[in-house]
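*Asks:* Following this message is one structure expressed as structure tokens.
The values are calculated or read from the model by the stated rules, or taken from the named source; none is laboratory data. None of these values were measured; they are calculated from a predicted model. For neighbour counting, all protein chains shown are included, and Cβ atoms are generated from backbone atoms with ideal geometry for every residue, glycine included.
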Amino acid sequence: MTYADVNGVSLWYEEHGAGEPLVLLHGGFWTIEMFGELLPALAQRWRVIAVELQGHGHTPDADRPLRYETCADDVAALIRHLGIGRADVMGYSLGAGTAVRVAIQHPDVVRRLVVISTPVRRTGWFPEVLAGMAQLGPEAAEGMKGSPLYAAYAKVAPRVEDWPVLATKVGELLRRDYDWSPEAARIQARTMLMYADADSIPPAHIGEFYALLGGGLRDADWDASKRVASRLAIIPGRTHYDITGAPSLPGMVEEFLTAPD
């Protein structure tokens, strides 16, 4: 458990387990703690490098906006700092958006990619989710102090008083429009998309994202000879907010990451 100074950010990361490297990226406002039992389950098979992004958890804020693109640069710099070469990269929600950007901006450091519960463009969220994002800011930070998000942050943050700063920067990030469709269609890493069946992203958009990766466009044929390399998983009985706790998730990730090319 230590810091790496990359791109002007003191990035906190923890290493768990042994084996091939797997970088794990949390959701917005969260810390590594959010992964619960998923992290030790993954650490039975991989060298898990769990990262806390700019302004989150142990990682102090930096004098710059919070952006998917800069967080992706930080993660790629950490991979190079550790001398790993290439790693599997897995992220949830905000961390999944960061993981997608790592694969787009730094394809040389990503072997395989696991994307959990994020859209390929901002309008891929349900309208009510976008409306909630519009409310995030310093005023909302005070009301969030009774939440598990704040409890996890306050336990480890180097400057607990920066909580309103984090809320402001996350809000600004989530209100910025984006559409990564053209770039996502060119992702080189073999990719698995994972969503809950009651996620914050409609099924039509999930299908659109998968189609950009070549999936769902034709029959795989009886011998699966026309099956694409990318995969799509829909986890039953889960929502955007509890998908990472699904008992089936570690096994599905392992099967994907260990499958032959």
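*Asks:* Looking at the structure I just gave you, is Leu193 over 17 Å from the mean Cα position of the chain (by Cα) and crowded, with 19+ Cβ neighbours inside 10 Å?
*Replies:* For Leu193, the condition - over 17 Å from the mean Cα position of the chain (by Cα) and crowded, with 19+ Cβ neighbours inside 10 Å - is not met.
*Asks:* Of all residues being touching a residue at least 24 places away in the same chain (Cβ under 8 Å) and part of a helix (DSSP H, G or I) in segment 131-143, which is nearest to the chain's Cα centre (by Cα)? Just the residue, please.
*Replies:* So the residue we want is Met133.
*Asks:* If you go through segment 6-20 one residue at a time, do you hit one that is under 13 Å from the mean Cα position of the chain (by Cα), aliphatic (A, V, I, L, M) and within 25 Å of Pro164 (Cα to Cα)?
*Replies:* Taking every residue of segment 6-20 in turn, none turns out to be under 13 Å from the mean Cα position of the chain (by Cα), aliphatic (A, V, I, L, M) and within 25 Å of Pro164 (Cα to Cα).
*Asks:* Any idea which of Pro236, Pro247, Pro260 is farther than 16 Å from Leu193 by Cα, at pLDDT 95 or above and out of contact with any helix residue (DSSP H, G or I) (no Cβ under 7 Å at 6 or more places or on another chain)?
*Replies:* From the options Pro236, Pro247, Pro260, the qualifying one is Pro247.
*Asks:* Give Val75, Val114, Val100 a once-over and let me know the one that is under 24 Å from Ile235 (Cα atoms), assigned to a helix (DSSP H, G or I) and within 12 Å of the chain's Cα centre (by Cα).
*Replies:* Testing whether each residue is under 24 Å from Ile235 (Cα atoms), assigned to a helix (DSSP H, G or I) and within 12 Å of the chain's Cα centre (by Cα) leaves just Val100.
*Asks:* If you check Gly91 against the conditions, is it in contact with a helix residue (DSSP H, G or I) (Cβ under 9 Å, 6 or more places away or on another chain), among the small types (Gly, Ala, Ser) and either part of a strand (DSSP E or B) or over 15 Å from Leu22 (Cα atoms) (or both)?
*Replies:* yes
*Asks:* Check Gly55 against each of (1) buried (at least 16 other Cβ atoms within 10 Å of the Cβ); (2) in a strand (DSSP E or B) and name the one condition it does not meet.
*Replies:* Condition (2) is where Gly55 drops out.
*Asks:* Got a sec? Which of Leu173, Leu166, Leu149 is in contact with a Phe, Trp or Tyr (Cβ under 6 Å, 6 or more places away or on another chain), in contact (Cβ under 8 Å) with a residue 24 or more places away in the chain, assigned to a helix (DSSP H, G or I) and of a type in the set (A, V, I, L, M, F, W, C)?
*Replies:* Going through Leu173, Leu166, Leu149 in turn, just one is in contact with a Phe, Trp or Tyr (Cβ under 6 Å, 6 or more places away or on another chain), in contact (Cβ under 8 Å) with a residue 24 or more places away in the chain, assigned to a helix (DSSP H, G or I) and of a type in the set (A, V, I, L, M, F, W, C): Leu149.
*Asks:* How many residues does segment 8-47 hold that are touching a Lys or Arg at 6+ places or on another chain (Cβ under 9 Å) and part of a loop (DSSP other than H, G, I, E, B)?
*Replies:* Of the residues in that region, 6 qualify.
*Asks:* So if I check each of Arg64, Arg80, which one is surrounded by fewer than 23 Cβ atoms within 10 Å (Cβ to Cβ), outside any helix (DSSP H, G or I) and over 14 Å from the mean Cα position of the chain (by Cα)?
*Replies:* Selected residue: Arg64, the only one of Arg64, Arg80 that is surrounded by fewer than 23 Cβ atoms within 10 Å (Cβ to Cβ), outside any helix (DSSP H, G or I) and over 14 Å from the mean Cα position of the chain (by Cα).
*Asks:* Inspect segment 244-255 for any residue being more than 19 Å from Phe35 (Cα to Cα), touching a Gly at 6+ places or on another chain (Cβ under 7 Å) and not in a strand (DSSP E or B) and give the result as yes or no.
*Replies:* No, that holds for no residue.
*Asks:* Further question: Looking at Ala233, Ala204, Ala220, Ala196, can you tell me which residue is part of a loop (DSSP other than H, G, I, E, B), of a type outside the set (Val, Ile, Thr) and farther than 25 Å from Leu66 by Cα?
*Replies:* When all the criteria are applied, what remains is Ala220.
*Asks:* Just checking, how many residues over segment 221-245 are aliphatic (A, V, I, L, M) and free of Cβ contacts under 8 Å to residues at least 12 places away in the same chain?
*Replies:* 1
*Asks:* Let me ask something else. In segment 197-220, which residues are of a type in the set (Phe, Trp, Tyr) and either surrounded by fewer than 14 Cβ atoms within 10 Å (Cβ to Cβ) or free of Cβ contacts under 8 Å to residues at least 40 places away in the same chain (or both)?
*Replies:* Tyr210
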